[in-house]
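Structure first, then comments.
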Amino acid sequence: MAVGGDFSPERLLYAYSHGIFPWSENPIRWYSVDPRAIFDLSSVHFSKTVQRKIRQERYKISINFCFEDVVRACSLRPNGETWITEGFVDGYSEFHKAGYAHSIEAWSQKGELVGGVYGVAIGKLFAGESMFAFESDAGKIALYYLFHLLREHGFQIFDTQ
């Protein structure tokens, strides 16, 4: 849709409010995809394996405890390629401080960050940005708790762009 701009909270708020999101830096490129990948929060299903791990309480869950760490962990890819650059980390960290970007973290029994998800909440829309797992299913379990919180707070749509 556009090229340029910055990752300021004001620009990110405007963009997400209009169905637009950034996907690169140098230059910053803005997208609005059609069709969008949307989850209906009332009908999301998790595998029996994930549900069993949730019942076993393998992970401690926190909310917005270490947002920047989650974004940085999401930037780690086996092939080294990522769209989550320092500009994204800085911009979304400021967006988090402004109250729009949020994270859910999964912690091991040893207290290590092993999974998480982050995204943007505006009104009753949540736009999922990225997820990571350093242990099997830890990111999915964080996502499970995110979906639970969103439903609890009246959200109905989870947009993954």
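Is it the case that Phe39 is of a type in the set (Phe, Trp, Tyr), touching a Ser or Thr at 6+ places or on another chain (Cβ under 6 Å) and surrounded by 15 or more Cβ atoms within 10 Å (Cβ to Cβ)? For Phe39, the condition - of a type in the set (Phe, Trp, Tyr), touching a Ser or Thr at 6+ places or on another chain (Cβ under 6 Å) and surrounded by 15 or more Cβ atoms within 10 Å (Cβ to Cβ) - is not met.
When you check Glu81 against the structure, is it outside any helix (DSSP H, G or I) and either basic (Lys, Arg) or surrounded by fewer than 15 Cβ atoms within 10 Å (Cβ to Cβ) (or both), yes or no? For Glu81, the condition - outside any helix (DSSP H, G or I) and either basic (Lys, Arg) or surrounded by fewer than 15 Cβ atoms within 10 Å (Cβ to Cβ) (or both) - is met.
Residue by residue, here is whether (1) more than 16 Å from Ala142 (Cβ to Cβ); (2) free of Cβ contacts under 8 Å to residues at least 12 places away in the same chain holds:
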residue: Leu13; (1), (2): yes, no
residue: Ser17; (1), (2): yes, no
residue: Pro27; (1), (2): yes, no
residue: Gln56; (1), (2): no, yes
residue: Phe65; (1), (2): no, no
residue: Glu105; (1), (2): no, no
residue: Gln109; (1), (2): no, no
residue: Lys124; (1), (2): yes, no
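Is it the case, given these coordinates, that Glu68 is closer than 27 Å to Lys97 by Cβ, acidic (Asp, Glu) and at pLDDT below 90? Against the criterion (closer than 27 Å to Lys97 by Cβ, acidic (Asp, Glu) and at pLDDT below 90), Glu68 does not qualify.
Restricting the stretch 57-85 to residues that are among the acidic types (Asp, Glu) and out of contact with any helix residue (DSSP H, G or I) (no Cβ under 9 Å at 6 or more places or on another chain) leaves a set whose member that is nearest to Ala127 (Cα to Cα) is Asp69. Each residue in the stretch 36-50 was checked for being touching a helix residue (DSSP H, G or I) at 6+ places or on another chain (Cβ under 8 Å) and assigned to a helix (DSSP H, G or I), and 3 pass.
The values are calculated or read from the model by the stated rules, or taken from the named source; none is laboratory data. Computed from a predicted structure; not experimentally measured. Please note: Cβ atoms are built from the backbone with ideal geometry, for glycine as well, and neighbour counts cover all protein chains shown.
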